[in-house]
Every structure is written in C-alpha cells, then in structure tokens.
1. Please go through region 209-231 and pick out each residue that is farther than 12 Å from residue 249 by Cα and either surrounded by 15 or more Cβ atoms within 10 Å (Cβ to Cβ) or β-branched (Val, Ile, Thr) (or both).
2. Return only the number of the condition from (1) closer than 19 Å to residue 363 by Cβ; (2) at pLDDT below 80; (3) crowded, with 18+ Cβ neighbours inside 10 Å that residue 433 does not satisfy.
3. Select from region 126-145 the residues that are within 15 Å of residue 179 (Cβ to Cβ) and assigned to a helix (DSSP H, G or I) and list them in ascending order.
4. Just to be sure before I move on: is residue 340 within 23 Å of residue 179 (Cβ to Cβ) and in contact with a strand residue (DSSP E or B) (Cβ under 8 Å, 6 or more places away or on another chain) in the structure I sent?
5. Checking the conditions here, which among 313, 361, 353, 327 is on the phi < 0 side of the Ramachandran plot and touching a strand residue (DSSP E or B) at 6+ places or on another chain (Cβ under 9 Å)?
6. Can you say whether residue 97 is crowded, with 21+ Cβ neighbours inside 10 Å and within 19 Å of residue 135 (Cα to Cα), as far as the supplied structure shows?
7. Can you confirm whether residue 468 is without any contact (Cβ under 8 Å) to a residue 60 or more places away in the chain, touching a His at 6+ places or on another chain (Cβ under 6 Å) and either hydrophobic (A, V, I, L, M, F, W, C) or not in a loop (DSSP other than H, G, I, E, B) (or both)?
8. Any chance region 305-324 includes a residue that's without any contact (Cβ under 8 Å) to a residue 40 or more places away in the chain, in contact with a Ser or Thr (Cβ under 6 Å, 6 or more places away or on another chain) and either more than 16 Å from residue 355 (Cα to Cα) or surrounded by fewer than 18 Cβ atoms within 10 Å (Cβ to Cβ) (or both)?
Amino acid sequence: MPRHFNTTGPCKPEFHYMLPPIVRLPNLVRLIEQANYFVIHAPRQTGKSTAMLALAEQLTAAGKFTAVMVSAEVGQPFSQDTDKAERAILGSWRRAAEDRLPEELHPPAWPQADPGQRIQAALRAWAKASPRPLVILIDEIDALRDQALLSMLRQLRDGFPDRPKNFPQSIGLIGLRDVRDYKISNGGRDHLQTSSPFNIKVGSFTLRNFNPAEVAELYAQHTVATGQIFTPEAIQLAFDLTQGQPWLVNALAKEIVEVIAPDPATAITIEHLQIAKETLIRRKDTHLDSLAERLREERVRVILEPIMAGQELALTHDDDRDFLVDLGLLRREDQGGLVIANPIYQEILPRVLAQGAQDSLPKISPTWLTTTGELNLDALREAFMAFWLQHGEPLLNSAAYHEIAPHLVLMAFLHRVVNGGGTLEREYAIGRDRMDLCLRYGAVVLGIEIKVQRDDGRDQLARGLTQIEGYLARLGLEFGWLVIFDRRKEVLPIEQRLRSEEQRTESGRVITVIHA
C-alpha cells in the first residue's frame, strides 16, 4: 500500500508521510529519567498520540523502561460511576499493554480492590512486577469527567511518593486541555481551575506546529514517492494558510494529490492550494467542525467576540485566553498579541457564526450580476440596502454573537453573492473596533470596512475613512465600501437612516459609505 497524507488517527510510518514524531516535544526523556509526572496538551490532530506512541516504543526498545501509551477514553460514559469507569479503563490498558509490549513486560493480573482504588492498585502491582521502571502515558485523560476523573487523579497523586519501585516512575497525562481545564461538575464550577488533585506534575507542555522547513520536508516525501512536486510558492502558501497546524497541512495536501491534481506529472501550485483551502472550509471536515462546536461555549465567546469585533480584551480572564490558545483557536504572535490561529480558521469561524443568519435569508435574486455574469458594484450596493431595509434588523436576532451581529448578517448576505463564483476574506483588527472584508468575484476586488456606531460618542465615519484608506492601500485598490451600522439605543428608524454617500480620502480614494 503506497504511503499517503494522513488526516485520521495516529500516523504509522509504513502507511503515512510523517515527520519524526517526537522532534516537536520538549526533552521528555530527561523528565522521565528524573522520575517526573507531566502533562502534554495540544489541540486535536496535532500529533499527540503519534508522538506518545513513538516515545513509549523508543523508551521500551532502549531496554531501560517498560513504557506504554494507554487511554482513558473508554471510561467516558461512566463519569459518575467510578466502579464501571475503572473496570473499563483497566480492561483497555491490559489490551494496550499486550498489543504494544513484549510478553515479559505485560502487567500481572489486576489485584482485587475497592472502587476508587483499582487504578492505584493495578499500577502498584504492575510497577512491582515489572523488571524495569514503569512509564505510563495516559492518552485522552480529559475524556473523563466528574467523579471518575477526580478519582483517577487522586489515585495517581496518592501513589506518587512510592515511585519507582511500587508505582510508575513517570506518568504523563495526554489530552486537549491542561489539568486546570479538565471538566468537572463540582461546587458551581465546570472545570478544575487548578492543577490539584494532580499538583505533582513537574510541568505542562504542548506540541508546537510544523515550521516552514518541516512542511517542505513532509511534502518532499510525496515527491520522492511519486515524482509529483510542490512548487516553493505552494509550500510557502501551505504554511501561511495553516501556520503549520499538522492536520491542516496534511488535509490540504491530501485534497490536492488525491482529488484536485491526482496526476503525478502535475506540479502543485498556488492555485491548487487556494482550491483546496476553499474545499476544506466549505466541507467543514470533522477536525474543523469540532473546533466550530467550541464557539457555543461562553468562555470561548467572551474571547472570540471582541477579537472579531476589533475590541479590547480587557475584561477577559487569563485562564480563558490560555484555554483558547490550548485549543488551537488562537495563537500569540511574537509581539504578544492574540490572533485567530491561522487564515483557514479565520475564514471558517465567522462562516459558522453567520450560518444561522444565512439559513434564515430569503431567496435573493442576483440582481448584482450583469447579463454577462460580471459583478456590478452599484447594483450590489442597491441590493444590499434593499435587503437590509426589509430583513436586516429581524435577522440580527438570529446571530450567535450579539456584538458582531451586523457583521454576521452582512457576511451572510455576501456569502450568497460569492457562492456564485467568488471568495470572501476577512481581517480582524483587535483594539481598533473594526472588521475588514475583501470580496473577490471575477475581475472585481472590493475592500469593505465594517464599523459599528455605539453610544460612546466616537465618530466612526472619520475613523472608518482613515482605516479603510490603509486597508485599500494594502490591497492596492482605489475604491471601497465603508459600512457603518448604527447600534445606539436612541436611533432613527431604519427607513430614515439607511442611505449611502460617496466620500474621498485624503489620497483621493473613492469610498462608498453605507449608513445602516
């Protein structure tokens, strides 16, 4: 079976193109040799399981440790029943050990123990019987919740002082979240908020994304295997679009070489990457869909909403910001600012949020197209204003995020426009109270600045004209739209305030200002 790009489950070198799996980890071997307990957390499909399987295999093969990766996921349905959770988990652990370790390193029969003590008793018996120090890497630990989770953590902590002869020398907890964000229902909280009851960890670590050289190295494996090349420009764009997120890097390449350009004689270009990007965004594969589901969570909304509205994050909690970084939805730039993690997420998140408004849209005739199928911007402006007059304000209630409801409704309308053969790109300017859109349809490129007039007295027209001038300069355009939504408490009826006018910036750019 030829190797291929993997987008499901751990990578296996005989089946998949893959990079050395533990290169992106901190020096865990040293931590393990020092008998430390630790946490590895990273978003889904970043290579955690692949790396942990490889690390365990490497440690065992070196002859110094009995190391194995196991999983806690089978205990998830029994989060309120410690007895059933422990039985399911220990059954899974035995199967993993028998499949992944030589026979002489298999665990003994699990000893009899009361519920709430079975994990500790099993690990104690295994550590005592093992001819080598025992290393256990527990994957999907945060699949557990509530009593089953707390019991597991307390048993691991209780056995910690007895390592390495009577308890594992080293234990790693592997999951999406750091310990403080493990889900519980206890005392009005929905997560631990602290590393206790696993305060024995030496540290929490995450897997970094691929760097540009690693993206090139991964894609070069396909070239060696098939002869099909990725142009340097395509490789760079793949990194720019994904910021090295491993699932996205693989998913783009897989879509291209298996669907868009399956002929090995076809060189992969920037155009192929752009088509693949749009396909992934429209299709919302499992990885992207699972991230989008997070948008419903309140602690996610309070961070993403101001970012997308261009507002400050002054009232948010450090833990909530770290949580979104841990999930992979946001990243910190070198200068310290928070941004959406990559351009693909930047596209898909607002599309998901606008979906309710888009599904609520009435049938709209494409009056913005000429008889030859080209985009007429004057007709598009008139169509939007007619749409907003009739449907805009009622649709605001269907938007998931109140602060950016006008933005989402406008985007829902524009998606109806670009579905005919264009694209809609977004930029967020945190702290500058704006969102920028770039609509591309055929030969037409339209830069759009969105502002919201609130009860803070700031003149959004003057600020918007200054800001869109800079945006249009970056796009190389001489014209654009500035859409100002009036969200003040005391405001004229929409029939009286809805209008458009033409303004010129200091450099002479022509701006159509729409007051909505």
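1. Matches in region 209-231: 221, 222, 223, 224, 226, 228, 229, 230, 231.
2. If we test residue 433 against (1) closer than 19 Å to residue 363 by Cβ; (2) at pLDDT below 80; (3) crowded, with 18+ Cβ neighbours inside 10 Å, just (1) comes out false.
3. Matches in region 126-145: 141, 142, 143.
4. In short, no.
5. When all the criteria are applied, what remains is 313.
6. For residue 97, the condition - crowded, with 21+ Cβ neighbours inside 10 Å and within 19 Å of residue 135 (Cα to Cα) - is not met.
7. In short, no.
8. no
The values are calculated or read from the model by the stated rules, or taken from the named source; none is laboratory data. Being a predicted model, the structure only gives us computed values, none of them experimental. Glycine also receives a Cβ, built like all others from the backbone with ideal geometry; neighbour counts cover every protein chain displayed.
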